[in-house]
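Below you'll find the structure, written out as structure tokens, and then a few comments.
The values are calculated or read from the model by the stated rules, or taken from the named source; none is laboratory data. The structure presented is a predicted model; accordingly, all values stated were derived computationally and were not measured. Here Cβ is always computed from backbone atoms with ideal geometry, including for glycine, and neighbour counts include all displayed protein chains.
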Amino acid sequence: MNLAAAIRERNAAELPSKRDEDWRWTDLRGLIRTAPEPSQPFTGQLPPGPFDALAEDWRVLINGGEATVDVPARTEAVEALRFVARGAGSHVASATIRVGANARLLLLESYESDGASLALASLTLALEPGAVVERIVLTADHEDAVSVSQAEVTLSPTAGFSQTLVAGGARRQRLETRVLHPGGSAELRLDGIYLLAGKRHSDQTSIVTHAGTDGLTVQLAKGVVRDQARGVFQGRIVVEEGADRTDARMGHHALILSDRAEVDAKPELEIYADDVACAHGNTVGALDEDALFYARQRGIPEDEARALLTEAFVGEVVDRIGHEGAREIVRAWVAQGLRD
Amino acid sequence: MAAVRQTVEHVQALEKYQHGFSTDIEQDFAPKGLNADIVRFISAKKDEPEWMLQWRLEAFERWLAMDEPSWAKVNFPRIDYQDSYYYAAPRAKAGPKSLDEVDPDILETYKKLGIPLREQEVLAGVEGAPRYAVDAVFDSVSVVTTFKKELAQVGVIFCSMSEAIREHPELVKQYLGSVVPVSDNYFACLNAAVFSDGSFVYVPPGVRCPMELSTYFRINAENSGQFERTLIIADKGAYVSYLEGCTAPMRDENQLHAAVVELVVLDDAEIKYSTVQNWYPGDPETGKGGIYNFVTKRADCRGDRSKVSWTQVETGSAITWKYPSCVLRGEGSSGEFYSIAITNGRQQADTGTKMIHLGANTRSRIISKGISAGKSSNTYRGLVSAHPKAKGARNFTQCDSLLIGKRCAAHTVPYIEARNGQAKFEHEATTTRLSEDQLFYVMQRGLSQEEAVQLLVNGFVKDVLQELPMEFAVEAQKLVAISLEGSVG
């Protein structure tokens, strides 16, 4: 049974658990004994969304619903898509996005909740040849919420897709991206940031399948966890037989700033072709004491030095965001997240 | 260059699998199949005390309730556990007292394999040549252990497991199953029920074992499985270096090898465990036959500042499922894992390590080099974890995979679990093929393609070969060359 059906039918026994290899660090079945009632329609006033300043128009899916975005060939569009959960119910939302040949889309997506909801958002994105999409995802989930987002991205040759996930965590939060990469000079960038405090959890999972020759994938995820928070990164790059000259690079780096925080990572390579260059790097640790010492010796107070170094650590991912306006919104969000 | 020339000569001189012969000797078998009576039969055959039989029967009960694991990236038809012999032993004349009483055919077998069972043969080389003591396990039993007397003088116990159960029950009772519990996993549990022999080593406090110890495993009988169990205890401040080698005849049916190795390391002690695994890999074209190698190896660094180093060269077996692990419990203890895993033909390997940091200031280092050629599949799977108490834990992991050919596969599946803010983990992995530029450069200097590949591969695995004891390093280097023969062009 898939997750959407399990939520719709309120079948808690069919939710993914730590016994499912892909969910080993994001156990839903162990957490949710009885699935919540379906969410009620919401008619009240919504607070402003994080990207209101950038988009003229936005689609809001409150407690479920469906959306379709069609970007015609050779046009440019900015779409804001808000997945909102109000109350403590469960629901499934979905969006289908098609981007025509040589069109450009800036997709600004947010996940917002205000209670112990159980929400799933399914996205399907299809990019035609030459289409270029930048997807920025910001989360503003409640600490009791369970929120899962599953995106399926299909690229055409010569298309370009870049994504930055910016996650603040929830009771359980998972941002999953699956990309079918046809090669043929299509370019993919999958980045992520997570800043977690309290007892929050956030999981960034990606599976990139290279099916054709000459594909490029770069991935960089960085996380900072404090208190008893838990960050999860799972990245799998699959290079199918014959997908020669694939170039794939993945990096995941996390800072643990307290004794009881946790980071779990599984960067995977699954390679069936020989003419490839694939690599991943993964580091987990505390702030570099030497750098801290250097900063303090220059007269910067310890707290400030820590904040500065942490901001610089995450800043590398922020700097890679292509759209300037979105980059500054994310930068402000990160600065806020590190101050709190 | 001498090493390369030697490697090339070696390849030319040998067939693909040089240990594929079988020895025709009279053997005792247990009836085919597996049930509680077979467990009793094995226990009775080995004259075991009642507590040992109970231990086995309990393990068998638990095994019946377990399911075969399926998470590894290997594919094979379901194993029929009833279609195998669980005990095969050379028919002995009531326990040979000396080497002269051992069946000459067996001695001949080991001679062919190049394993010195006669102490004078070890000594017969150049003066000052390194010596090593051997425990030779032939199918289900240990046939001979050399240098026992000399080792006993310094207090080192080196004998077969069956002998240890008889002679040193207190040590066996204390440590057996304390590192790999009976029901740890499916294959370890099966092993606990039907294990037949293996080596037992105890190094007393403060003793540095005067020579390398080694066990040589040979599967000979048809349709049989080998289930050996090795237990090594390094008491406080002790040191021992242990080598393990394995081969099997070429047969069309698959044979099961499910071993358990337990290492116990107390304060300031060190164990260095090296393996050259060269079980028959099956037919490279059809994939028929070969050994299923499902092994559980684990070291428990119980003492402070204790150290374990696993070095493995895996070239054989149709299927390898093996994760030598270190439980770093003692403060400041350290674990190392150096591995070369080569798959060719239709071999499948899923191998790696687990470094479990429990104590403060524990350190671990993983260097894994995987090479896949032919139509094989090679997976590195490893876990590095730091528990909340493992303050100051440090890990460095480097996993490199090399692909030779269009039809092979290489996977890297590392798991990293950091549960405290003062642990520092670094992991790097790469997957590439042999560099065209380097090949071109070397061939332009006059080397043939085969030689060039061997030279580059030797360079690729050099970091690990350096960690092997000298006599093994030479053998391993040759093995690397032989395993990759025919994979180029």
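Between A:Gly168, A:Gly160, A:Gly130, which is in contact with a helix residue (DSSP H, G or I) (Cβ under 8 Å, 6 or more places away or on another chain) and either under 25 Å from A:Ala254 (Cβ atoms) or small (Gly, Ala, Ser) (or both)?
Details: A:Gly160 fails: in contact with a helix residue (DSSP H, G or I) (Cβ under 8 Å, 6 or more places away or on another chain); A:Gly130 fails: in contact with a helix residue (DSSP H, G or I) (Cβ under 8 Å, 6 or more places away or on another chain).
None of the other options fit; the residue is A:Gly168.
One line per residue, one yes/no per condition, for (1) under 25 Å from A:Arg249 (Cα atoms); (2) over 25 Å from the mean Cα position of the chain (by Cα); (3) more than 7 Å from chain A (Cβ to nearest Cβ); (4) of a type in the set (Phe, Trp, Tyr):
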| site | (1), (2), (3), (4) |
| --- | --- |
| B:Ser368 | yes, no, yes, no |
| B:Ala393 | no, yes, yes, no |
| B:Gly405 | yes, yes, no, no |
| B:Arg445 | no, yes, yes, no |
| B:Ala481 | no, no, yes, no |
Scanning the stretch A:208-234 for residues that are under 16 Å from A:Arg178 (Cβ atoms) and within 11 Å of chain B (Cβ to nearest Cβ) gives A:Phe233, A:Gln234
Count of residues meeting criterion [part of a loop (DSSP other than H, G, I, E, B) and among the hydroxyl-bearing types (Ser, Thr, Tyr)] in the stretch B:259-301:
2
Mind listing whichever residues of the stretch B:438-454 are touching a residue at least 24 places away in the same chain (Cβ under 8 Å) and surrounded by 22 or more Cβ atoms within 10 Å (Cβ to Cβ)?
B:Val453, B:Gln454
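A:Ala103: surrounded by 17 or more Cβ atoms within 10 Å (Cβ to Cβ) and at pLDDT below 95, yes or no? Outline the logic, then answer.
Numbers: surrounded by 17 or more Cβ atoms within 10 Å (Cβ to Cβ): yes; at pLDDT below 95: no.
No.
Name the single residue, out of those in the stretch A:195-215 being under 18 Å from A:His280 (Cβ atoms) and either of a type outside the set (A, V, I, L, M) or at pLDDT below 95 (or both), that is surrounded by the most Cβ atoms within 10 Å (Cβ to Cβ). Can you show your working first?
Let us first name the residues in the stretch A:195-215 that are under 18 Å from A:His280 (Cβ atoms), namely A:203-210, A:215.
Going one step further and asking which of them are either of a type outside the set (A, V, I, L, M) or at pLDDT below 95 (or both), we end up with A:203-206, A:209-210, A:215.
Details: A:Asp203: 22, A:Gln204: 26, A:Thr205: 21, A:Ser206: 25, A:Thr209: 17, A:His210: 33, A:Gly215: 28.
Among those residues, the one meeting the criterion is A:His210.
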Can you go through B:Ala418, B:Ala409 and tell me which one is over 17 Å from B:Ile356 (Cβ atoms) and either at the interface with chain A (Cβ under 7 Å from one of its Cβ atoms) or of a type outside the set (Val, Ile, Thr) (or both)?
B:Ala409
Which count do you get for residues in the stretch B:144-170 that are more than 14 Å from B:Thr215 (Cα to Cα) and assigned to a helix (DSSP H, G or I)?
13
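For the stretch A:303-321, what are the residues that are more than 25 Å from B:Ala418 (Cα to Cα) and either of a type in the set (Asp, Glu) or modelled with pLDDT under 95 (or both)? Give the steps one after another, and end with the answer.
Here is the first cut: in the stretch A:303-321, the ones more than 25 Å from B:Ala418 (Cα to Cα) are A:304, A:319-321.
Those that are more than 25 Å from B:Ala418 (Cα to Cα) and either of a type in the set (Asp, Glu) or modelled with pLDDT under 95 (or both): A:Glu304, A:Asp319.
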All-but-one check, B:Phe425 against (1) without any contact (Cβ under 8 Å) to a residue 40 or more places away in the chain; (2) over 26 Å from the mean Cα position of the chain (by Cα); (3) at the interface with another protein chain (Cβ under 10 Å from one of its Cβ atoms), failing number (1)
Is there any pair linking a residue in the stretch A:248-273 that is at positive phi and aromatic (Phe, Trp, Tyr) to one that is part of a strand (DSSP E or B) and at pLDDT 95 or above, with Cβ under 9 Å and at least six apart or on different chains, and which?
none
Quick check: is even one residue across the stretch A:140-154 at positive phi and in contact with a Ser or Thr (Cβ under 9 Å, 6 or more places away or on another chain)?
no
Mind telling me which of the residues B:Ser435, B:Ser385 ends up being surrounded by fewer than 24 Cβ atoms within 10 Å (Cβ to Cβ), closer than 24 Å to A:Asp22 by Cα, more than 22 Å from the chain's Cα centre (by Cα) and within 11 Å of another protein chain (Cβ to nearest Cβ)?
B:Ser385
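Name the residues in the stretch B:357-381 that are of a type in the set (Val, Ile, Thr) and crowded, with 24+ Cβ neighbours inside 10 Å, would you? Explain how you work it out, then say what you get.
Filtering the stretch B:357-381 for residues of a type in the set (Val, Ile, Thr) gives B:362, B:366-367, B:371, B:379.
Hits for the stretch B:357-381 are B:Thr362, B:Ile366, B:Ile371, B:Thr379.
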Check B:Val464 against each of (1) within 14 Å of chain A (Cβ to nearest Cβ); (2) in contact with a strand residue (DSSP E or B) (Cβ under 6 Å, 6 or more places away or on another chain); (3) among the β-branched types (Val, Ile, Thr) and name the one condition it does not meet.
(1)
Here is a list of conditions, (1) without any contact (Cβ under 8 Å) to a residue 12 or more places away in the chain; (2) closer than 29 Å to A:Leu108 by Cβ, and A:Gly65 meets all of them except one; can you say which number that is?
(1)
So which of A:Leu46, A:Leu54, A:Leu15 is in contact (Cβ under 8 Å) with a residue 12 or more places away in the chain and crowded, with 20+ Cβ neighbours inside 10 Å?
A:Leu15
Of all residues making up the stretch B:370-382, the number that are without any contact (Cβ under 8 Å) to a residue 60 or more places away in the chain, farther than 16 Å from A:Glu241 by Cβ and at the interface with another protein chain (Cβ under 10 Å from one of its Cβ atoms):
1
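Restricting to the stretch B:347-369, what's the tally of residues that are in a strand (DSSP E or B) and not hydroxyl-bearing (Ser, Thr, Tyr)? Break it down into steps so the answer makes sense when it comes.
If we filter the stretch B:347-369 for residues that are in a strand (DSSP E or B), which is where we start, we get B:348-351, B:354-357, B:363-369.
Now narrow it down to the ones that are not hydroxyl-bearing (Ser, Thr, Tyr): B:348-350, B:354-357, B:363, B:365-367, B:369.
Residues meeting the conditions: 12.
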Starting from the stretch A:73-84, keep only residues that are closer than 17 Å to A:Leu123 by Cβ, then list their pairs with residues that are among the aromatic types (Phe, Trp, Tyr) whose Cβ atoms are within a distance under 8 Å, requiring at least 6 positions of separation or different chains.
A:Glu79/A:Trp58; A:Ala80/A:Phe51; A:Ala80/A:Trp58; A:Leu81/A:Trp58; A:Arg82/A:Trp58; A:Phe83/A:Tyr111; A:Val84/A:Phe42
